[in-house]
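J.: Below: one structure in structure tokens.
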Amino acid sequence: EAGVAQSPRYKIIEKRQSVAFWCNPISGHATLYWYQQILGQGPKLLIQFQNNGVVDDSQLPKDRFSAERLKGVDSTLKIQPAKLEDSAVYLCASSLSVRAYEQYFGPGTRLTVT
Amino acid sequence: RKEVEQDPGPFNVPEGATVAFNCTYSNSASQSFFWYRQDCRKEPKLLMSVYSSGNEDGRFTAQLNRASQYISLLIRDSKLSDSATYLCVVNSNTGNQFYFGTGTSLTVIP
């Protein structure tokens, strides 16, 4: 079974630039999560989708971050404009449903903002 | 106050040792609890869920203490391959929000 796919794996940008990350969850998984993991910290949930609807985006900095999952499968997370403190690994995870507790994580995108 | 707190360690133990990690959570209405393992520069993977009655999977034992709002992970007969960061995860009472601890770093030394 294919796992969660993410791209790119690495990205280096200058502050104030824009960047987008892509995630393809495990086939059949209705729930998709985006996490931000800063070095030395645990993952922090940014946004959670159930199919193409947002379940929780309370910790998403909406002034600069946006995410969508238009067809209920793939998802993109965008940062515009980026700040130095956005340097982190952005992890995408999926699960069968909101109540299915095991989350499967992708390899992440390591973002460096200079 | 953080939703989930863990001692970041690091824990450095010899092979064969027994090591225990604790994690506390702030929301008494939290429903579900998990331990994830994260290897260096890799993604987190589910190690085990934590049930009210406690549960064991081989050398790993997880316990939940709702009264004191903490969960624990015990690793017996440590192996070199157990070296990783162990993340405590708590699911909120609404079932929608997952909170991760900062992780506890374990290094098993030959």
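J.: I'd like to verify a number: residues in segment A:17-40 that are outside any strand (DSSP E or B) and touching a residue at least 24 places away in the same chain (Cβ under 8 Å), how many?
T.: Counting residues in segment A:17-40 that are outside any strand (DSSP E or B) and touching a residue at least 24 places away in the same chain (Cβ under 8 Å) gives 10.
J.: Related question: Kindly provide the set of residues from segment A:42-66 that are touching a Gly at 6+ places or on another chain (Cβ under 8 Å) and open to solvent by 20 Å² or more (accessible area, probe 1.4 Å), ordered by number.
T.: Listed by number, the residues that qualify are A:ASN51, A:ASN52.
J.: For segment B:1-43, list the strands (runs of 3 or more DSSP E) that sit wholly inside it and hold at least 1 residues that are aromatic (Phe, Trp, Tyr), more than 10 Å from chain A (Cβ to nearest Cβ) and closer than 12 Å to B:LEU87 by Cα; which are they?
T.: B:19-25, B:32-38
J.: Let me ask you something else. List every residue pair whose Cβ atoms sit under 8 Å apart, with the two residues 6 or more apart in sequence or on different chains, where the first one lies in segment A:41-53 and is more than 12 Å from chain B (Cβ to nearest Cβ) and closer than 11 Å to A:SER97 by Cα and the second, anywhere, is open to solvent by 10 Å² or more (accessible area, probe 1.4 Å) and of a type outside the set (S, T, N, Q).
T.: Pairs found: A:ASN51/A:ALA30; A:ASN51/A:GLY72.
J.: Does any residue of segment B:38-56 turn out to be under 26 Å from A:LEU60 (Cβ atoms) and in contact (Cβ under 8 Å) with a residue 60 or more places away in the chain?
T.: The answer is yes, given that some residue of segment B:38-56 is under 26 Å from A:LEU60 (Cβ atoms) and in contact (Cβ under 8 Å) with a residue 60 or more places away in the chain.
J.: Of all residues being open to solvent by less than 10 Å² (accessible area, probe 1.4 Å) and polar (S, T, N, Q) in segment A:85-114, which is nearest to the other protein chains (Cβ to nearest Cβ)? Just the residue, please.
T.: Out of the qualifying residues, it is A:GLN103.
J.: Quick one: in segment A:6-29, of everything that is of a type in the set (Phe, Trp, Tyr) and closer than 15 Å to A:LEU77 by Cβ, which residue is least open to solvent (accessible area, probe 1.4 Å)?
T.: Here the answer is A:PHE21.
J.: If you go through segment A:2-16, how many residues are within 14 Å of the chain's Cα centre (by Cα) and in a loop (DSSP other than H, G, I, E, B)?
T.: Counting residues in segment A:2-16 that are within 14 Å of the chain's Cα centre (by Cα) and in a loop (DSSP other than H, G, I, E, B) gives 3.
J.: I need a count of the residues in segment B:19-43 that are surrounded by 13 or more Cβ atoms within 10 Å (Cβ to Cβ) and over 19 Å from B:SER53 (Cβ atoms).
T.: The total comes to 10.
J.: Then there's this: Criterion first (more than 14 Å from chain B (Cβ to nearest Cβ), basic (Lys, Arg), buried (at least 19 other Cβ atoms within 10 Å of the Cβ) and more than 26 Å from B:GLY9 (Cα to Cα)) does A:ARG69 satisfy it?
T.: Judged against the criteria, A:ARG69 is a match.
The values are calculated or read from the model by the stated rules, or taken from the named source; none is laboratory data. Just so it is clear, the model here is predicted, and its values are computed rather than measured. A quick note on method: Cβ atoms are made from the backbone with ideal geometry, for glycine too, and the neighbour counts reach across all protein chains shown. In case anyone asks, the SASA skips ligands and DNA or RNA and just uses the protein heavy atoms, side chains included. Shrake-Rupley method; radii C 1.70, N 1.55, O 1.52, S 1.80 Å.
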